[in-house]
Amino acid sequence: MEMTETQAQTSLDQLIGAYVRPAVRRQRPYHVGGVPDVTVKLNQNESPFDLPEALKRELIETFFEIPFNRYPTEQPDVLRHALAAHVGHDPDGILVGNGSNELTYTLGLAFIEKGTPVVLPRPMFALYETVVKLYDGALTSTPPRPDLSFDADALLDAVRRKRPALTVLTTPNNPTGLAMTMAEVEAIVEAAPGFVVVDEAYVEFAEESAQPLLDRYPNVILLRTLSKAFGLAGLRIGFLMARPEVVAELLKARLPFMVDRLAEATALALLRRPDLLAERVRIIKGETDKLTAALRALDGVEAVPSQANFVIFRTAEEPKKLMARLAEAGVLVRDMSGYPELRGYLRVSAGTPAENQAFLVALKNALDTKA
């Protein structure tokens, strides 16, 4: 006898309730949202620069040479060696992924099971907390200082008390743009009994890197991405640096064939153009500084200094209303109110000079015409 629509829905609800893990059901899917067809998109910390047309045409020729019927290598070995040369690290200590987000899940699979102690500061990129909860880890999170910087003393205390298998630091931090000092990072690394992941997604814009710690401490893992300074957010390339012995274990936990041949070829082409990367980083850093100064010059606007390619700011206006006014003017920014510590804040990525000017004009108009 065929089920009614109500019976089928009840049966489906029962299936999900009985067999989908509670840790999964408690989470929400990652969703940025936004307004389609905006003129100025400054909400995802992307590079404002696409690849030069000549390089894209070169890559089209490469595209035709790729045999689509053949798997890529388990690890993209040519890219792995090129990245190793770029950062000055042992190729066997490099793990390349489908964006650093994919590697985050690999870290969770390798290190976290039910009850595993994990220490995270807050606010930080929400995916880390999600991964800990998906794997049923025992999460300890430490609040920031009043200026929104990480409270290194509180983190150090949590590491000593909880003795975590995994501690994660993001510096410069998304969503605040603030960075930890390397002395603070090293103190936590030295105290941690387990692994310390330092997410350096924005390191090209920062003053310091934790990479020297890799030589001194076996428990350090660095995460990098080609989505930000390299401008390859649409092709998904990230990589991890650690001791070769650690990478050998992580390889057991991650899926093979995660990096496609076109993404690898594009990353290699950019690595052969260090001058292009350096020039774009210089421009983006300059535009971030100008954006921060311009925001601080506006009456009633408070902006947080940043070592990344974005700035968080707040006004007396309710963020969702202000964001809606900006969207009406063709400018998309990000509401940070989902982080309890950042209620009232919006985040704007540094765009081109023209995009930043359009944002500032739209912001001034929105504040002048507030309801």
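Out of all the residues in the stretch 329-339, is one or more among the charged types (D, E, K, R), within 28 Å of E208 (Cα to Cα), buried (at least 21 other Cβ atoms within 10 Å of the Cβ) and in contact (Cβ under 8 Å) with a residue 40 or more places away in the chain?
yes
Identify the residue in the stretch 169-210 that is of a type outside the set (A, V, I, L, M) and farther than 21 Å from N101 by Cβ and, among all such residues, is surrounded by the fewest Cβ atoms within 10 Å (Cβ to Cβ).
Keep residues of the stretch 169-210 that are of a type outside the set (A, V, I, L, M), which gives 170-177, 181, 184, 186, 190, 193-195, 199-200, 202, 204-205, 207-209.
The next check asks that each one be farther than 21 Å from N101 by Cβ; those that pass are 181, 184, 186, 190, 193-194, 207-208.
Working: T181: 14, E184: 19, E186: 18, E190: 14, P193: 13, G194: 17, E207: 10, E208: 17.
By that ranking, first place goes to E207.
Just one of the numbered conditions (1) assigned to a helix (DSSP H, G or I); (2) touching a strand residue (DSSP E or B) at 6+ places or on another chain (Cβ under 9 Å) is not true of N45; which one?
It is condition (1) that N45 fails.
For the stretch 73-86, name all the residues that are more than 14 Å from I237 (Cα to Cα), part of a loop (DSSP other than H, G, I, E, B) and not polar (S, T, N, Q).
E74
What are the pairs with Cβ atoms under 7 angstrom where one residue, in the stretch 129-149, is in a strand (DSSP E or B) and the other, located anywhere, is of a type in the set (K, R)? Sequence gap at least six, or different chains.
L139/K133; T140/K162; S141/R122; T142/R122
Which of the residues that make up the stretch 164-184 are touching a residue at least 40 places away in the same chain (Cβ under 8 Å), part of a loop (DSSP other than H, G, I, E, B) and over 11 Å from the mean Cα position of the chain (by Cα)?
Residues satisfying the conditions are P164, A165, T176, G177, L178, A179.
Quickly run through the stretch 185-208 and pick out the residues that are in a helix (DSSP H, G or I) and under 30 Å from R282 (Cβ atoms). Steps first, answer last, please.
Filtering the stretch 185-208 down to residues in a helix (DSSP H, G or I) leaves 185-191, 203-205.
Passing the criteria: V185, E186, V203, E204, F205.
Could you list, in sequence order, the residues of the stretch 275-305 that are within 20 Å of A366 (Cβ to Cβ) and surrounded by fewer than 17 Cβ atoms within 10 Å (Cβ to Cβ)? Break it down stepwise before answering.
Of the residues in the stretch 275-305, the ones within 20 Å of A366 (Cβ to Cβ) are 290-304.
Scanning the stretch 275-305 gives K290, A293, R296, A297, L298, D299, G300, E302.
Run down L95, L120, L42, L107 and say which single residue is touching a Gly at 6+ places or on another chain (Cβ under 6 Å), surrounded by 13 or more Cβ atoms within 10 Å (Cβ to Cβ) and of a type outside the set (V, I, T). Walk me through it before giving the result.
Details: L95 fails: touching a Gly at 6+ places or on another chain (Cβ under 6 Å); L120 fails: touching a Gly at 6+ places or on another chain (Cβ under 6 Å); L107 fails: touching a Gly at 6+ places or on another chain (Cβ under 6 Å).
Result: L42 is the single residue among L95, L120, L42, L107 that is touching a Gly at 6+ places or on another chain (Cβ under 6 Å), surrounded by 13 or more Cβ atoms within 10 Å (Cβ to Cβ) and of a type outside the set (V, I, T).
Answer yes or no as to whether V118 is in the same structural domain as Q357 (by TED's automatic domain parsing), on the phi < 0 side of the Ramachandran plot and either touching a residue at least 12 places away in the same chain (Cβ under 8 Å) or of a type in the set (S, T, Y) (or both).
Details: in the same structural domain as Q357 (by TED's automatic domain parsing): no; on the phi < 0 side of the Ramachandran plot: yes; either touching a residue at least 12 places away in the same chain (Cβ under 8 Å) or of a type in the set (S, T, Y) (or both): yes.
The answer is no for V118.
Kindly establish whether A210 is within 17 Å of the chain's Cα centre (by Cα), within 15 Å of G88 (Cα to Cα) and not polar (S, T, N, Q). Show your work before the answer.
Working: within 17 Å of the chain's Cα centre (by Cα): yes; within 15 Å of G88 (Cα to Cα): yes; not polar (S, T, N, Q): yes.
Taking the combined requirement at face value, the residue satisfies it.
Residues are listed down the side, and each one gets a yes or a no for (1) among the small types (G, A, S); (2) outside any loop (DSSP other than H, G, I, E, B); (3) without any contact (Cβ under 8 Å) to a residue 40 or more places away in the chain; (4) under 30 Å from Y71 (Cβ atoms):
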position	(1), (2), (3), (4)
K228	no, no, no, yes
R236	no, no, no, yes
L268	no, yes, no, yes
L277	no, yes, no, yes
R282	no, yes, yes, no
G286	yes, yes, yes, no
A294	yes, yes, no, no
P305	no, no, no, no
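Residue-wise test of (1) surrounded by fewer than 17 Cβ atoms within 10 Å (Cβ to Cβ); (2) closer than 30 Å to V20 by Cα; (3) touching a strand residue (DSSP E or B) at 6+ places or on another chain (Cβ under 7 Å).
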site: A138; (1), (2), (3): yes, yes, yes
site: P164; (1), (2), (3): no, yes, yes
site: T167; (1), (2), (3): no, yes, yes
site: Y217; (1), (2), (3): yes, no, no
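Is it the case that the stretch 140-147 has a residue that's surrounded by fewer than 22 Cβ atoms within 10 Å (Cβ to Cβ) and farther than 21 Å from A183 by Cα? Walk me through it before giving the result.
Going through the stretch 140-147, the residues surrounded by fewer than 22 Cβ atoms within 10 Å (Cβ to Cβ) turn out to be 140-147.
Add one more test, that the residue is farther than 21 Å from A183 by Cα, and what stays is 140.
Yes, there is a match, as at least one residue in the stretch 140-147 is surrounded by fewer than 22 Cβ atoms within 10 Å (Cβ to Cβ) and farther than 21 Å from A183 by Cα.
Take the residues in the stretch 340-371 that are of a type outside the set (G, A, S) and within 17 Å of G286 (Cα to Cα); name whichever of them is surrounded by the most Cβ atoms within 10 Å (Cβ to Cβ). It would help to see each step written out before you state the result.
Here is the first cut: in the stretch 340-371, the residues of a type outside the set (G, A, S) are 340-343, 345-348, 352-353, 355-357, 359-361, 363-365, 367-370.
Of the ones still in play, those that are also within 17 Å of G286 (Cα to Cα) are 348, 352-353, 355-357, 359-360.
Details: V348: 28, T352: 14, P353: 14, E355: 20, N356: 21, Q357: 15, F359: 25, L360: 18.
Within the stretch 340-371, the match that is surrounded by the most Cβ atoms within 10 Å (Cβ to Cβ) is V348.
Could you please let me know if A253 is small (G, A, S), surrounded by fewer than 19 Cβ atoms within 10 Å (Cβ to Cβ) and not in a helix (DSSP H, G or I)? Give the steps one after another, and end with the answer.
On the way: small (G, A, S): yes; surrounded by fewer than 19 Cβ atoms within 10 Å (Cβ to Cβ): yes; not in a helix (DSSP H, G or I): yes.
Here the answer is yes, as A253 does meet what is asked.
Working only within the stretch 325-371, note down all residues that are of a type in the set (S, T, N, Q) and in a helix (DSSP H, G or I). First the steps, then the outcome.
Going residue by residue through the stretch 325-371, those that are of a type in the set (S, T, N, Q) are 337, 349, 352, 356-357, 365, 369.
If the condition is that a residue be of a type in the set (S, T, N, Q) and in a helix (DSSP H, G or I), then N356, Q357, N365 are the ones that fit.
The values are calculated or read from the model by the stated rules, or taken from the named source; none is laboratory data. Remember, predicted model here, so these are calculated numbers, not experimental data. Backbone-built Cβ (ideal geometry, glycine too); neighbour counts: all protein chains shown.
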